[in-house]
Each structure stands twice: as C-alpha cells, then as structure tokens.
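Here the structure is laid out as structure tokens; the discussion comes afterwards.
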Amino acid sequence: MSRRILVTSALPYANGHIHIGHLVEYLQTDIWVRFQKLRGNDCLYVCADDTHGTSIMIRARSEGIPETELIDKMRTAHIADFAGFQVAFDNYGSTHSEENRECCAEIWAAIREKGLLLEKDVEQLFDTVANTFLADRFVRGTCPKCGKKDQPGDNCVCGAAYSPTDLIDPVSTISGTKPEWRTASHLFVDLEQMREFLDHWTQETDALQPEVRHYLSGQFLHEPLRPWDISRPAPYFGFEIPDSPGNYWYVWFDAPIGYIGSTKEWCKKQKNQRYEDWWKSDQVELHHFIGKDITYFHTLFWPAMLKVAGMTLPKKVHIHGFLTVNGEKMSKSTGTFILASTYLKHLDPSYLRYFYASKLSSRVDDIDLSFEEFAAKCDSDLIGNVVNLASRTAKFAQQTGLSATYPEDGGLFEEAARLGEEIAEAYENCEYGKVTRLIMECGNRANKFVEDHAPWVLKKDPAKIDQLRDVCTIGMNLFRQIAVYLAPILPKLAEQAGALLNAPITSWEDAQRPLLGTKVNEYKHFLNRVSKEGIERIMSESKETEVNANQPTTGDSDESLKAEPLLETKIAIDDFTKVDLRIARILEAEEVPEARKLLRLTLSLGGDERRNVFAGIKAAYDPKDLVNRLVVCVANLEPRQMKFGLSEGMVVAAGPGGKDIFLLSPDSGAQPGMRLH
C-alpha cells in the first residue's frame, strides 16, 4: 500500500549562498525522497528560503536595497544551486509569503487560545551604533556554561543553549562595539506546560535517534523548560504580530512554519489538494532532515507548536552531523569553504552526490570530504565499476540488440534482484553507506562475468554472434539493475541508462525484471574520471586570502625529509581507507636487466585498462610463473618515473625480503578491477 510522506529540509537562510556543507543535508534528503518516489509512495518534498530577521535587515541597509529585493535575489541563487546538484523540490517557497503569514497567524491563535503566552519586559542587547536590537547571531561572547570564548549568541559548541544576555563579555558583530542593555516587552511561550507531551514524544517514540534522545534528556528535560522568547520589537524585518502592534514574530517562530506555508503554496498550484490533508492528517508521515546544530528548535519548540495547533507530528527527525574538508573545518583561507556554484563550474555533481552517500549513515556523525579519497572512490566505484560495466558491453550490444529470452548467467540477475529489498531497507533507514557497498558488490560480480566472457573477443568471431548477444544481454541487464538501485543517488546516470536501453527507469521494480528483445542505442560516455585540475581550481577560487608563499609546508625542502623513523609513523584509519586496493591480472612479466631486484609487470585492471608496474620481487619469482596470476595492486599511487620507465602503481606483497617475498593472491572468486573494501 502506498504511503503518504511529507518531507522537509531545514530552510537555508537568505543571507548567504549555498556551500558544500549545506549540501550534505539537501543531498541526503533528496536521495531519500527520490527513493520513496521510486518505490511508488506519494512523497511531497517542500522547502523554502528563511528570509526574516535582523541580519537580513542589516545587509539590505548595507547594500542600499529593500529587504524584499535582497531575499528575492538570494532565492533565485539558491534555486539555481540546488538545481545544479539535481535536488528536486516539489515546492520551494519563502517564509515571506502570504501563505506563511496565514499559517503563522493560525498557529499563533492556537497558542494564545491554550493559554501558553506570557508577556514580560526583557533586558536586551542594543547596538547604539547600528541603532538596532541584536539578534542572537549578531552577538558573540564567552559561553556561560563552559567558558569557551567567541561563541554565538544562542548556543555553544559544547551543546549549551542560552540567550545573548547570558553571554559573558558580549560584543556586537555589526559594529564591533560593546552593546548596552535596553528593556523591551517580549512575548513568550510557556514551554513547561508542554512537559508531559515533550517527555513522551522525545523519549518514548521512535521519532529521534538514540543519541538525540539522550542529549535532550541530559541537557534540557532534566530541569524545568524555560519559556521561549517568541517575539522581537521593532525595528525588525518580518511579520508584525496582529494582536501585538510593534512586535514581530521571531525568525525561529515563522521559519519552521515555512514548511507548512510552502506546502500550502504547493497545494494552491495543484488540483484537489488541501494543505490540511498533509498537515492535519494521521495518514501522513512527516519527516524532517536537519543538522545537529538546530536540534533544540526542531525537537522541543517545533513539536510543541504542532501539538498545540493540532497539526501532524513528525514521525522522524533525521539529524546529521557536520562536514569537514580534508580533516578540518571549512576555511576560506585554505580554500575549503567551497560554494556550490564554485564546485559546479569545475566538477560533475554526480561525484559529490555519490561520495556523500557513501559516507552517510543513520547516526549523527560528522563526515569528512578528503579530496584524495573523493577522487579515488569516485574513480574506482563510478568509473572502474559502474561505467566500466556499461562501456564494455554497450558498444557490442548496439550491434546485436538484446536476446528475446534471458540467458543463463549463473544466478547473477536473481541474486541482484533478491538484494533489492536489503538495499531498499538501507535507503529507508538512511544507511546510504551500506547502500553503496551492496551496489558495488553487484557491480564487482557483473564485471567478473563480463571479464570472463570477454565480448571483445567474441566479436572477432562471426560464428559466435549469438553467444555475443547473450553476453551483452546479461551485461546490460546487470548494469540496468545497478542503475535502478543507484537512481536515488545518481538520477543523471538513471536517465542515461534509460536512454541507452530505450527503457526509462521509473520504478524500483524495474530491477526485478530483465529487459529483453530490444535494441540498444549508441553508447555515449556517462562520466569521466575526477579531474585533479578541477579540484585544484575549486580550492584556488575558494581562497579568500593567499597563504604566505614563504610559509614552509611538508615536502617543500630536504629538511622536511628529516621526519621520525618510519616504524614510529602512525596514520589514522581514514588515511588507510584512501588506499585504492584492486585486483589485477599479470599479463606479462619480464626481467629488468639493469636492475638487481626489479621485474617489469603489465597488469590488467579489467577491460582495456593496463598498468606498467615495477616490482622488487626478482629474487623470489620466475617471470614466467607470474603470467595470468591475480595479485593485489595499489591503483591510486602517484606514477613514479624511474630510470627504467614509468611505474603506474604497486603490487602488494609481504615478507622480510630476498627470496621470502609473498604476493598477496586473491581467492578464486576475484576478478581484475574489483576493489577491496
């Protein structure tokens, strides 16, 4: 039975452009939504620009334009960035819309009717130079709980939440001056009245990840909940509160309501759709995807607001961690604070979609974008596995077409079809890393079949045309299964596969039935290897300031070679995972007369990919005994120019040396090109 699912991502703030850190969330959400739609579920994905607040007002002043012009300009840029990464919203709205104003008024009336509003005077920080009260994000100071300096006005890296007035030694980030205290009347929601509901919803349902439940219990629910400050006095860019002139709804009140406003906007564009059928229905699953920095708002204030207003409660709040780049926080000085638009100028978005997917799980873990690992993984998995499978069979299949009946393939298609439900369950649970591992294993088995049956050899014998057609039919169908399973992550690849085979991928069930008796169109290359020059250009263009050219860096001089002894050098597990270990077949082996220890090996890494490698195993192996042997090769080692020629990799071996060198031999189920995980 089809499920009705409403999905949201956190609203990006209209004061800056989308960067690759933001994209962790939107790609994670888009993948989940595409999966649900492929499964046949009625899934609606809404988002909007978060447009209100002091920061928008201040920026518009600095640019000399109205706030509405600023937010319209930024919304256009956001939509273009998301479209470039193939993030497919059903509706992308704005919190400044009339639909959102209407929804805010509806929820506000419910809060007031339930007697949850309090009014009291508040001492608030005021910037006398900028002539404005200071929003949380415009104040920095020392955390009142852990003592860490230079923290934002509402929360600390230690996890503490507070108001700007709690900060020690606050400073205005607008003018750089010390703000003064001023009193203004504020409206509050008495959140403690919702204690019983929040205790149950956060601790006794499956709406939150275990670590989030523990976080809320330890940080907030162990003591009375503080009233939530829900208004701001003028001057403020936002919606004025209808029954409280001179006061405006605080941005954190109307921002999540933007989910409802965007849905309402979408419904107005459709036939026979009412927003109440999405937001006031027990037949709808509501799923929020957010970053861990806004856990507090989405797991306490927001569900309380929805409960009071009789709205649909979240079935699941999917919370993810932060992004680091090359092991560090994103930085403009190092070129790792990368805008989405900068990335799109130089690299295919499919790479980032796949790499993030390979790293994401259901846990609140940070993920790291190591560009070395990024290039190695995309080249190995996408090019060496998936694209390689298509390219090695499609050009022959174009000539033969597909067989009328599915040939015997040793159970490969059936095995991949059976895996469909396991892969689907992993998608459902946001275990995308598991998804990619299972799919790549299917690819390894399919590539082995093609390698073993060598259509490029069959093509040379006209008498074997039927056998060639059968091999191509199997190869193309195994590729199509992979394209179906990867479709949520790589929608462009799914479109290309559909065009190649004259059969658009429209359903998860497409992986359960082989495609037979049809022609195959001309193969057009799907994806190239990751361009190192592209990565370098991205980082170069992302630098705000140049690094001092005289600053020493590792490897710049002979002095850098005077490191600690090799045996004492330690690497992290993440460093080891960057090594691309692949199965290779030795096609040729010969001595290097001028070298005392070396043999020259010609390796096959599958298909037409060949590598020339020098290996120091001359004392242990006779070259003729090595031909056709399978070995493990380090495939992403930087090529090294030796006086005997260029070495394009390394063969893995063990032993003390001399005659005692033992090549690592894969088991009989391995095949050239397979990646070892």
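The values are calculated or read from the model by the stated rules, or taken from the named source; none is laboratory data. It should be emphasised that the depicted structure is a prediction, and the values quoted were computed from it without experimental measurement. All Cβ positions, even for glycine, are placed from backbone atoms using ideal geometry, and neighbour counts span all protein chains on display. Heads up: the accessible areas ignore ligands, DNA and RNA and are worked out on the full protein's heavy atoms, side chains in. Shrake-Rupley method; radii C 1.70, N 1.55, O 1.52, S 1.80 Å.
Tabulated values for the structure
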read-out	value
Filtered residues of segment 382-406 (kept if part of a helix (DSSP H, G or I), touching a helix residue (DSSP H, G or I) at 6+ places or on another chain (Cβ under 7 Å) and small (Gly, Ala, Ser))	ALA390, ALA394, ALA397
Residue count, segment 185-208 (criterion: exposed (fewer than 15 other Cβ atoms within 10 Å of the Cβ) and β-branched (Val, Ile, Thr))	1
Residues being open to solvent by less than 50 Å² (accessible area, probe 1.4 Å) and among the hydroxyl-bearing types (Ser, Thr, Tyr) - total across segment 63-99	4
Complete set of residues in segment 164-184 that are open to solvent by 40 Å² or more (accessible area, probe 1.4 Å) and either farther than 30 Å from TYR215 by Cβ or part of a loop (DSSP other than H, G, I, E, B) (or both)	THR173, ILE174, SER175, GLY176, THR177, LYS178, GLU180, TRP181, ARG182, THR183
Lone qualifier among ASP150, ASP166, ASP154 - being under 30 Å from the mean Cα position of the chain (by Cα) and modelled with pLDDT of 85 or more	ASP150
Filtered residue count, segment 367-381, keeping only those that are open to solvent by less than 30 Å² (accessible area, probe 1.4 Å) and outside any helix (DSSP H, G or I)	3
2 or more residues touching a residue at least 24 places away in the same chain (Cβ under 8 Å) and out of contact with any strand residue (DSSP E or B) (no Cβ under 9 Å at 6 or more places or on another chain): qualifying helices (runs of 4 or more DSSP H) within segment 268-366	340-346, 349-359
Candidates VAL87, VAL129, VAL33, filtered to the one that is touching a Cys at 6+ places or on another chain (Cβ under 6 Å) and aliphatic (A, V, I, L, M)	VAL33
All strands (runs of 3 or more DSSP E) inside segment 539-655 with 2 or more residues being at pLDDT below 85	640-642, 645-647
Selected residue [open to solvent by 20 Å² or more (accessible area, probe 1.4 Å) and either touching a strand residue (DSSP E or B) at 6+ places or on another chain (Cβ under 6 Å) or farther than 30 Å from GLN209 by Cα (or both)] from LYS492, LYS434	LYS492
Test result for LEU344, surrounded by fewer than 18 Cβ atoms within 10 Å (Cβ to Cβ) and more than 13 Å from ILE20 (Cα to Cα)	no
Elements of type helices (runs of 4 or more DSSP H) contained in segment 409-469, each with 3 or more residues being charged (D, E, K, R)	412-428, 432-453
Residue satisfying condition, being more than 14 Å from CYS442 (Cα to Cα) and either at pLDDT 95 or above or in contact with a helix residue (DSSP H, G or I) (Cβ under 7 Å, 6 or more places away or on another chain) (or both), within set ASP379, ASP409	ASP379
Failed item in (1) farther than 24 Å from VAL364 by Cα; (2) open to solvent by 30 Å² or more (accessible area, probe 1.4 Å), with ILE56 passing the rest	(2)
Boolean, LYS459 is of a type in the set (Lys, Arg), in contact (Cβ under 8 Å) with a residue 60 or more places away in the chain and over 24 Å from ASP409 (Cα atoms)	no
Residue within segment 265-288 that is over 20 Å from VAL212 (Cα atoms), among the small types (Gly, Ala, Ser) and either touching a Ser or Thr at 6+ places or on another chain (Cβ under 9 Å) or modelled with pLDDT of 95 or more (or both) present	yes
Identity of the residue in segment 1-51, aliphatic (A, V, I, L, M) and assigned to a loop (DSSP other than H, G, I, E, B), that ends up surrounded by the most Cβ atoms within 10 Å (Cβ to Cβ)	ALA14
Near pairs, Cβ below 7 angstrom, 6+ apart or cross-chain, from segment 208-219 (within 15 Å of HIS318 (Cα to Cα)) to any residue that is open to solvent by 70 Å² or more (accessible area, probe 1.4 Å) and outside any helix (DSSP H, G or I)	GLN209/ARG363
Which listed residue is within 18 Å of the chain's Cα centre (by Cα) and buried (at least 17 other Cβ atoms within 10 Å of the Cβ), from ALA416, ALA397, ALA426	ALA426
Matching entry among GLY384, GLY335 (being under 21 Å from LEU581 (Cα atoms) and small (Gly, Ala, Ser))	GLY384
Search result, residues across segment 120-152 that are in a strand (DSSP E or B) and touching a residue at least 40 places away in the same chain (Cβ under 8 Å)	LYS120, ASP121, VAL122, GLU123, GLN124, LEU125, PHE126, ASP127, THR132, PHE133, VAL139
Test: residue in segment 312-332 that is modelled with pLDDT of 95 or more, of a type in the set (Lys, Arg) and touching a helix residue (DSSP H, G or I) at 6+ places or on another chain (Cβ under 9 Å)	no
In segment 221-269, the residues that are surrounded by fewer than 20 Cβ atoms within 10 Å (Cβ to Cβ) and farther than 22 Å from ALA135 by Cα	LEU221, HIS222, GLU223, PRO224, ASP243, LYS268, LYS269
Cross-chain or 6+ apart pairs with Cβ under 7 Å, segment 29-47 first and closer than 21 Å to GLN283 by Cβ and free of Cβ contacts under 8 Å to residues at least 60 places away in the same chain, then of a type in the set (Asp, Glu) and surrounded by fewer than 24 Cβ atoms within 10 Å (Cβ to Cβ)	TYR45/ASP90
Some residue of segment 270-292 being aromatic (Phe, Trp, Tyr), under 28 Å from HIS19 (Cα atoms) and either open to solvent by less than 10 Å² (accessible area, probe 1.4 Å) or within 18 Å of the chain's Cα centre (by Cα) (or both)	yes
Which listed residue, of VAL484, VAL471, is in contact with a Gly (Cβ under 9 Å, 6 or more places away or on another chain) and either surrounded by 22 or more Cβ atoms within 10 Å (Cβ to Cβ) or modelled with pLDDT under 95 (or both)	VAL484
Residue check, GLU63 at pLDDT below 95 and at negative phi	yes
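Residue-wise test of (1) of a type in the set (Val, Ile, Thr); (2) without any contact (Cβ under 8 Å) to a residue 60 or more places away in the chain; (3) within 30 Å of GLY40 (Cβ to Cβ).
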residue: PRO455; (1), (2), (3): no, no, no
residue: ALA463; (1), (2), (3): no, yes, no
residue: ARG469; (1), (2), (3): no, no, no
residue: LEU478; (1), (2), (3): no, no, yes
residue: LEU486; (1), (2), (3): no, no, yes
residue: ILE489; (1), (2), (3): yes, no, yes
residue: GLU495; (1), (2), (3): no, yes, yes
residue: ALA499; (1), (2), (3): no, yes, yes
residue: TRP508; (1), (2), (3): no, no, yes
